[in-house]
Amino acid sequence: MNTQKIQQFEEEIEDLFYKVNKKDFWDFHAKVVIEKSKELARKYDGDLEVVWLGAILHDIARLDGVEPHDEIGSERAYDMLVEKVFEKELAEKVGAVVFTHRCRNHQPENLEQKIIASADALSHFSAPFYLWVASVTDKEFPEFLKKYSEKLERDYNDKIFFKEERDAFKNEYAVLKNWLNYKKLR
C-alpha cells in the first residue's frame with residue numbers, strides 16, 4: 001500500500017470539497033467516515049487500501065449534488081482512481097464500495113463494503129452532525145425531525161454491520177432518537 005499516495009489523494013479530494021464550498025460537509029462527515037473506516041479496517045482485518053480510498057470517495061458525487069450519489073459516485077470514483085494511476089482492480093473494488101455504501105438499492109456484500117456502510121452510518125451518531133445538518137437544511141423543523149428520525153433508525157438497524165459497533169453506539173442512538181422524536185408541547 002502506498003500510504004503517501006493515498007494521503008496526497010485524500011488532500012486533493014478535500015481541496016475539491018473546500019473549493020465548492022462544502023468544507024463543513026468534508027469536516028463534519030467525510031473526514032469522520034475516513035477515520036472510522038480506517039479504524040474498522042484495522043479492527044476487522046479489512047483491506048485498508050480499499051477502505052481508505054472508498055471512504056475518501058464514498059460521497060464524491062455530493063460535490064455536484066447529483067443523485068443517486070452512490071451509483072454516480074461509483075463511476076466517478078473508478079474514473080478518478082484510474083486517472084490517478086491506481087490499479088484498475090483496486091479502482092473496481094473502490095467503485096463497488098461507493099456503489100453499496102447507502103444500503104438502499106445495493107447491499108454490501110464483502111467486508112470492505114460493510115466497513116464503509118457502517119462507518120458512514122456511525123458518522124451520523126455525533127450530535128454535531130445533526131446540528132450541522134439542521135443549520136443547512138431547507139426543510140421545516142418538524143419535517144427535518146421526521147426525516148432524520150427515520151434516517152437514524154435505518155442507520156442503526158440496517159447499516160451498522162458489526163454488533164460490537166452497534167452496541168458501542170447504543171447510548172448515542174438512544175439520545176439522538178429521543179431528540180429527533182421530540183413532540184412539541186400543546
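The values are calculated or read from the model by the stated rules, or taken from the named source; none is laboratory data. None of the values given here were measured: they were computed from a predicted structure. All Cβ positions, even for glycine, are placed from backbone atoms using ideal geometry, and neighbour counts span all protein chains on display.
Considering only the range 123-155, how many residues are aromatic (Phe, Trp, Tyr) and surrounded by fewer than 13 Cβ atoms within 10 Å (Cβ to Cβ)? Can you show your working first?
Taking the range 123-155 first, the residues aromatic (Phe, Trp, Tyr) are 125, 129-130, 132, 141, 144, 148.
Filter again for surrounded by fewer than 13 Cβ atoms within 10 Å (Cβ to Cβ), leaving 141.
Qualifying residue count for the region: 1.
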* **Lone qualifier among LYS31, LYS38, LYS23 - being without any contact (Cβ under 8 Å) to a residue 40 or more places away in the chain, surrounded by fewer than 20 Cβ atoms within 10 Å (Cβ to Cβ) and farther than 21 Å from PHE162 by Cα** => LYS23
* **Candidates LYS147, LYS177 - the one that is assigned to a helix (DSSP H, G or I) and in contact (Cβ under 8 Å) with a residue 12 or more places away in the chain** => LYS177
* To do: Could you tell me which numbered condition PHE17 fails, if it satisfies all but one of (1) loosely packed, with under 14 Cβ neighbours inside 10 Å; (2) under 24 Å from ALA134 (Cα atoms); (3) modelled with pLDDT of 95 or more?
  => (1)
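For the range 77-109, which positions are assigned to a helix (DSSP H, G or I) and within 16 Å of the chain's Cα centre (by Cα)? So that I can check it myself, show each step before the final result.
Of all residues in the range 77-109, those assigned to a helix (DSSP H, G or I) come to 77-83, 88-100.
Listed by number, the residues that qualify are ALA77, VAL94, GLY95, ALA96, VAL97, VAL98, PHE99, THR100.
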